[in-house]
Structures are given as structure tokens and as C-alpha cells.
1. Amide H neighbours of Tyr97 under 5 Å, at least 5 residues apart or on other chains, H built in the peptide plane: list them.
2. What shape does the chain take by its C-alpha gyration tensor, where a ≥ b ≥ c are the square roots of the eigenvalues and a/c under 1.5 counts as rounded, a/b above b/c as prolate, and the rest as oblate?
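Values in this text are rule-based calculations from the coordinates and carry no lab data. Since we're looking at a predicted model, the values are computed, not measured.
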Amino acid sequence: MDQFMKRAVDLAVNNVREGGQPFGAVLVKNNQVVAEGVNELHQAYDVSGHAELLAIRRAQEELKTHDLSGFTMYASGEPCPMCLTAMYFAGIEDVYYAASVDKAVEAGLGKSKQVYDDLQKQKEERSLVMKHVPLEEGQEDPMKLWKEQ
């Protein structure tokens, strides 16, 4: 097993022993660890406190950048849709994971699979109801303002 994947799994094991979930992540560039994280849901009431997101936040804060192109994420578990989306937005190009989403379901952690399955559906068929509310006439359009800057 690669040293970075071993570290991600070790972080996950330690997190379980401390009352957390079995998720650890290591963000690497040029064969060097830049940031790490574990799911901290048991410590903070923050559903975004996932290992990969925390590693990304720490790296971006330390490096003062949003662009993590050329970075590689090693995760003890297949990233959930939220973490995967953050990796897309950050420009991370490679992700390695140990346990699949199906393995997480077997362990009683099925939310990621539920969300992945829901995202396959048309918007109208998803379990999360989304309603489009257009801007009122005369209301300033933040998208237009952004584009003009």
C-alpha cells in the first residue's frame, strides 16, 4: 500500500477509536503531504466536516489559493458527492480511495450512496425539493454584476 494511502487509513482508524467515523484524507503535491483531515462530525455540529473538505480547506488557507491543480487526494473511503464536488472546484486531478461507497453502505454509512443515487434522477424526481425563484423585475442581478467586473 502506498505511504499516503496508508496514512489516510491510519487517520481513519484513529478517528474511529476517538469516536469518529472511518474517514481520513491526505492531500499531496510533489510527493509531499500538504494537508490532512479526518471526519470531525463527532466534534463539531458541521455536516461539511469531512476529511477531504478539511484537508482542502487547510491547504487552501495555508497556501492562500483556491487552485489545487496538480494535487492528489488519498482518502480512506470513496469521497461523498460533497467532497467530490469540492475536489472538482479546487482543481484536484487525482483521487485514490480505499473503501468503496458500497463498503461504506455495508458498514452502516449509506448517505453517500443515497445522494449519488438521487443525483442520477431528474430534478423533479429527487428527494430534495428545489424550486426556482426568478429575480424580481428591477432587482440587481448578482450574476450580471459578477460578469461585468
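1. Ala75
2. oblate
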